[in-house]
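Below: the structure, in structure tokens.
The values are calculated or read from the model by the stated rules, or taken from the named source; none is laboratory data. Because the structure is a prediction, the values reported are computed rather than measured. Positions of Cβ are backbone-derived with ideal geometry, glycine not excepted, and every protein chain shown enters the neighbour counts.
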Amino acid sequence: MNTDSLRQIRFYPWRSVVLFFITAVVLVYGVIYPNLSVLITSFQRAGAWTLVNYREVLSQWVVIEAIVSSLGLSVGTVLLCAIVGVPLAFLFERFTFPGRRLFAALATLPLVLPPLVGTVAFIFLFGESGILAHGIQNFLALENPPWRLRGWPALLLFHTYTMYPFFYVLTGAGLRRIDASLAEAARSLGASKTVVLRRVVLPQLTPSLLAAALLTFMTSMASFSAPLFFGGDVRVLTLEIFTARQRGDAVMAVTETVVLAIISLGALVFFQRYEGTRKFAAAAMKGAPRRRAIIASGKARVLATVVAVIFAIVLVLPVATLFLVSFAREGSWTTQTLPSDYTLANYQRLFADPFASEVFFNSFTMSAIAAVAALLWSFCVVTFLRRRRFVGRRLVSLLVLIPWALPGTVVAVSVADAYGSPGSLLGSFVLVGTFWILPVVYFLRFMPLVVRALQASMEQLDPTLEEAAGSLGARAWQRFTRVTLPLVWPGAVAGTLLAFVIALGEYVASVLVFVPGNRPISIAIASELRDFNLGAAAAYGVVLIVIISISMMVAGKLERLRS
Amino acid sequence: MRLKLFWLACAILAIALLLSCNSGSGNKNRLLIYTPHGQDLLKDFIARYKQQYPDADVQFLDMGSREVLERVRVERNRPQADLWWGASHTTFQTAAEENLLLEFRPSWTDKIPASSRDANDRWYGTYETPQVIAYNSEEVSEAEAPRDWDDVIDPKWRDKVLIRNPNPSDTMRAIFGAMIWRFYKDTGSPDKGYDWLRKLDANVREYTADGTLLMQKLGRREGLITLWDMPDVRLFKEQKNFPVGYFVPASGTPVIIDGIAIIRGAPNQEEAKRFYEFVTTPESLVYAAHKYYRIPVRTDLDRSQLPAWMNEPFTRLPLDWDLLRKNGSEWLRYWDTEIRGRN
């Protein structure tokens, strides 16, 4: 009996129908319907169908320049993030040395830095009048600051810092699922360490690496704050869209958005094709993950620790800067290397404000709703995608990723347009002006993270395991909870946590649709920044980081519960 | 485990449901304001308003004025906000022409110049903001600081000028527009204005993303000269102890009118009108002038009650705002593609 017919026997059709229904409803209501108008607008001029918008957009050399820059920036970001993130994941997953757990926890630190305060911290730290530049300038008695935080180096630095965790987290989760016995078998057959890495470990990691590369690429394509704050004269597509919007050229902005989405989704197709050529026969996981090697030799031990310490310092610096800013007295820190005057006033301002505790509660609740919903939904989509090798499979993976490929502003505007008034869609509902619009937007924007993380885990999973369980009489639910879930749990938790943490700091979409009842943290931070209360903004950032750190510890516990 | 997860999910959903019920609108005297004026000013004025009208439930969402416009557009089919307090008159005029604002004649209609309000009553001016040349007063002495527009493009300030990115900023759009208009009104062409902006670009060290970064960089001497609005510069100098001084350009400066408007289709129009009137009474305007450095537009106020600096005379640069609004985008686009960063 071949596996296909086995599947047909095992899986009851109604279960597939339910999965299909849930998947389809979310995609139709959340992705297709809201974004259809974006697509239509880009193909229309004065009510008629036309390609003239695209011709106009693509005939401007600034747009071409922006496309090339965006692509270059994204490819560069992916490479740099892989160079930083993958070795780190190996270091922390494979070896044990003094302080490993602390450093492993620190490695996810960039995730906790919300973009709004992250850029501020970067400017205070790396900017030309920042701590480092000032320190070096004073130390060497230079006349001018040694560098400026502008242009390509600044962009790549910030992108690498904020996005390498995609590689680190997903590679780490992938390594934890790798079958150690395969590598051992290869070694015992005489394969060298490099051969094992190249032929055994990396192929098993491919899904995780591709998922990370794709997420990094798309995040970088849609990145907005970094080019805005320290891009200098570098033109990227998101900035062009923003500028066109500001000029009131809505059609051009929409057309450029579609171009951006096409590039991002093109990357998805490219990665999927590549993934297809690197398919490996997943081995049966015997539940014996590789043990961490204890680095015994003195020199290597010292080296690993030194590398980890240096890395940790680099990682901690921006967050430490944020702490410093939050304690500095407003207006007192100008030309000194470090603030001369410290105060608790920023925290007093924050804690005296009844709004403050509210915004933390709001953001926490909404992000949690979005993340948990994304987790549950991801299981539907991924299970569905695994079972049905049908023609629409690629299309579904594409549709899932569309919200991630679009700039946040566009997602918010299209959802608000579609659900701003009772619409024509069956069972349509109004979201604008309600508490629910933000959880929905967060869900849509960040569920691709969970889906991709889960998909990567699932692809590493050997389908024969489930089949074996099935042939032993396990029901679908049992197979899921006893076989599949434990194996994909680390990846699922990692993805959900990512979505949760990023949603906590979301700004660009929130600002367009938030209501008094769900004012999120990022809005409070932006208000403080607009009023030049940098210290108060930093204080919000610090409290947010504390909340995120606690959430990560809880998630760590959740992750271990299963494995 | 899966049960735990399930209950966790249920608990979160339940909390959220409760929350969403709480935020439902049942109150008749509810009022929602969109505003870029900052939370300190808003909280202050709402508290004062509630002393007079204790049954009012006033809430505000604070964001930049361009973000307000974007939001009001998004919500045009189901307006959420009642009142839009704060944005330049050019932004309000754009919104008015997109039919987003409601006609309303406040009781002081005839107390402000006709140029400071919409001819069709869709918005009215509240405060005015003259633009100035600001400098870091620790590094630049009063004697050497630029006193007129053309001093700013003097090569001696090369790499010393900070300018806020004009695309999202009404203030900077007005200044750039004014610089082009200075020549346009005589020649009918923007070319000479472009030349001026080219010379400015040569002196610019950085176009900063927002006003906060602009002032921070000025304070930290990354640049020494900038163009910004008078009330903000004063506020930084006096309230935040910033080392900053300013001159009103001798040949005249554009004055932006900051306005107020009721949103078309606002759910609580009566309350909106009441608040509209409340924040534009002479008492409120004088209060805002002292505490928040807002220069009132109303001409019937007792000028002696205002801070002394508001009564210092300065030269205004008359502008054709409609022409600026019409051509501004094209000029800015030219600047963005052909001038920025190329000199």
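So here's what we get for this one:
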quantity: Single residue of B:Tyr334, B:Tyr246 found to be among the aromatic types (Phe, Trp, Tyr), within 30 Å of B:Ala202 (Cα to Cα) and more than 14 Å from every other protein chain (Cβ to nearest Cβ); calculated: B:Tyr246
quantity: B:Arg234 being more than 12 Å from chain A (Cβ to nearest Cβ), part of a loop (DSSP other than H, G, I, E, B), of a type outside the set (S, T, N, Q) and touching a strand residue (DSSP E or B) at 6+ places or on another chain (Cβ under 9 Å); calculated: no
quantity: Verdict on B:Leu319 being part of a loop (DSSP other than H, G, I, E, B) and either more than 14 Å from chain A (Cβ to nearest Cβ) or surrounded by 17 or more Cβ atoms within 10 Å (Cβ to Cβ) (or both); calculated: yes
quantity: Residue pairs meeting the criteria (Cβ under 6 Å; at least 6 apart or on separate chains; first in contact (Cβ under 8 Å) with a residue 24 or more places away in the chain and within 14 Å of another protein chain (Cβ to nearest Cβ), in segment A:216-236; second of a type in the set (D, E, K, R) and outside any helix (DSSP H, G or I)); calculated: A:Phe230/A:Arg150; A:Gly232/A:Arg150
quantity: Enumeration of residues in segment A:478-492 that are of a type in the set (Phe, Trp, Tyr) and more than 10 Å from chain B (Cβ to nearest Cβ); calculated: none
quantity: Pick from segment A:161-194, criterion outside any helix (DSSP H, G or I) and buried (at least 18 other Cβ atoms within 10 Å of the Cβ), ranking: modelled with the lowest pLDDT; calculated: A:Asp179
quantity: Criterion (touching a Leu at 6+ places or on another chain (Cβ under 6 Å) and more than 24 Å from A:Phe323 (Cα to Cα)) met by exactly one of A:Ala555, A:Ala537; calculated: A:Ala555
quantity: Residue match in segment B:136-144 (condition: more than 30 Å from A:Ala250 (Cα to Cα) and in a strand (DSSP E or B)); calculated: yes
quantity: Where A:Asp531 falls short, out of the listed (1) closer than 18 Å to B:Thr35 by Cα; (2) in contact (Cβ under 8 Å) with a residue 12 or more places away in the chain; calculated: (2)
quantity: Test: residue in segment B:70-77 that is more than 14 Å from chain A (Cβ to nearest Cβ), out of contact with any strand residue (DSSP E or B) (no Cβ under 8 Å at 6 or more places or on another chain) and not β-branched (Val, Ile, Thr); calculated: no
quantity: For A:Ala141: the one exception among (1) within 24 Å of the chain's Cα centre (by Cα); (2) at pLDDT below 85; (3) surrounded by fewer than 24 Cβ atoms within 10 Å (Cβ to Cβ); calculated: (1)
quantity: Residues (more than 17 Å from A:Ile83 (Cα to Cα) and either more than 28 Å from the chain's Cα centre (by Cα) or exposed (fewer than 14 other Cβ atoms within 10 Å of the Cβ) (or both)) located in segment A:195-211; calculated: A:Val195, A:Val196, A:Arg199
quantity: Complete set of residues in segment A:509-535 that are within 10 Å of chain B (Cβ to nearest Cβ) and aliphatic (A, V, I, L, M); calculated: A:Val511, A:Leu512, A:Val513, A:Val515, A:Ile523, A:Ala524, A:Ala526, A:Leu529, A:Leu534
quantity: Test: residue in segment A:102-122 that is on the phi > 0 side of the Ramachandran plot and either part of a loop (DSSP other than H, G, I, E, B) or surrounded by 21 or more Cβ atoms within 10 Å (Cβ to Cβ) (or both); calculated: no
quantity: Out of A:Leu109, A:Leu116, sole residue that is under 20 Å from the mean Cα position of the chain (by Cα) and within 14 Å of A:Val314 (Cα to Cα); calculated: A:Leu109
quantity: A:Leu338 being loosely packed, with under 15 Cβ neighbours inside 10 Å, of a type in the set (A, V, I, L, M, F, W, C) and within 14 Å of another protein chain (Cβ to nearest Cβ); calculated: yes
quantity: Checking A:Leu149 against (1) of a type in the set (A, V, I, L, M); (2) touching a Gly at 6+ places or on another chain (Cβ under 8 Å); (3) away from chain B (no Cβ under 14 Å), the condition it does not meet; calculated: (3)
quantity: Residue match in segment B:248-268 (condition: surrounded by fewer than 23 Cβ atoms within 10 Å (Cβ to Cβ) and part of a helix (DSSP H, G or I)); calculated: no
quantity: Test: residue in segment B:275-282 that is under 22 Å from B:Leu162 (Cα atoms) and surrounded by fewer than 18 Cβ atoms within 10 Å (Cβ to Cβ); calculated: no
quantity: Filter result (of a type in the set (Ser, Thr, Tyr), assigned to a helix (DSSP H, G or I) and within 14 Å of chain B (Cβ to nearest Cβ)) within segment A:57-90; calculated: A:Ser69
quantity: First in segment A:478-495 and farther than 19 Å from A:Tyr168 by Cα and of a type in the set (A, V, I, L, M, F, W, C), second anywhere and modelled with pLDDT of 80 or more and not in a helix (DSSP H, G or I), Cβ under 8 Å, 6 or more apart; calculated: A:Val483/A:Ala474
quantity: Residues located in segment B:30-61, provided they are closer than 18 Å to B:Tyr127 by Cα, at the interface with chain A (Cβ under 10 Å from one of its Cβ atoms), not aliphatic (A, V, I, L, M) and not in a loop (DSSP other than H, G, I, E, B); calculated: B:Gln39, B:Asp40
quantity: All helices (runs of 4 or more DSSP H) inside segment A:479-557 with 1 or more residues being among the charged types (D, E, K, R) and buried (at least 24 other Cβ atoms within 10 Å of the Cβ); calculated: A:521-530
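Let's see how each residue does on (1) in a helix (DSSP H, G or I); (2) at pLDDT 85 or above:
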| residue | (1), (2) |
| --- | --- |
| A:Thr383 | yes, no |
| A:Arg389 | no, no |
| A:Asp417 | yes, no |
| A:Gly420 | no, no |
| A:Val451 | yes, yes |
| A:Glu466 | yes, no |
| A:Gly473 | no, no |
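Table: residues versus (1) among the hydrophobic types (A, V, I, L, M, F, W, C); (2) assigned to a helix (DSSP H, G or I); (3) within 14 Å of another protein chain (Cβ to nearest Cβ); (4) surrounded by fewer than 19 Cβ atoms within 10 Å (Cβ to Cβ).
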{"site": "B:Asp121", "(1), (2), (3), (4)": "no, no, no, yes"}
{"site": "B:Tyr127", "(1), (2), (3), (4)": "no, no, no, no"}
{"site": "B:Asp159", "(1), (2), (3), (4)": "no, no, yes, yes"}
{"site": "B:Ile163", "(1), (2), (3), (4)": "yes, no, yes, no"}
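Conditions (1) in a helix (DSSP H, G or I); (2) more than 19 Å from the chain's Cα centre (by Cα); (3) farther than 24 Å from B:Lys156 by Cα, marked per residue:
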{"residue": "B:Asp195", "(1), (2), (3)": "yes, yes, no"}
{"residue": "B:Glu206", "(1), (2), (3)": "no, yes, no"}
{"residue": "B:Leu214", "(1), (2), (3)": "yes, no, no"}
{"residue": "B:Leu218", "(1), (2), (3)": "yes, yes, no"}
{"residue": "B:Gly223", "(1), (2), (3)": "no, yes, no"}
{"residue": "B:Gly245", "(1), (2), (3)": "no, yes, no"}
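Matching residues to (1) over 17 Å from A:Thr321 (Cα atoms); (2) touching a helix residue (DSSP H, G or I) at 6+ places or on another chain (Cβ under 7 Å):
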{"residue": "A:Leu116", "(1), (2)": "no, yes"}
{"residue": "A:Phe122", "(1), (2)": "no, yes"}
{"residue": "A:Leu140", "(1), (2)": "yes, no"}
{"residue": "A:Trp147", "(1), (2)": "yes, yes"}
{"residue": "A:Leu155", "(1), (2)": "yes, yes"}
{"residue": "A:Pro165", "(1), (2)": "yes, yes"}
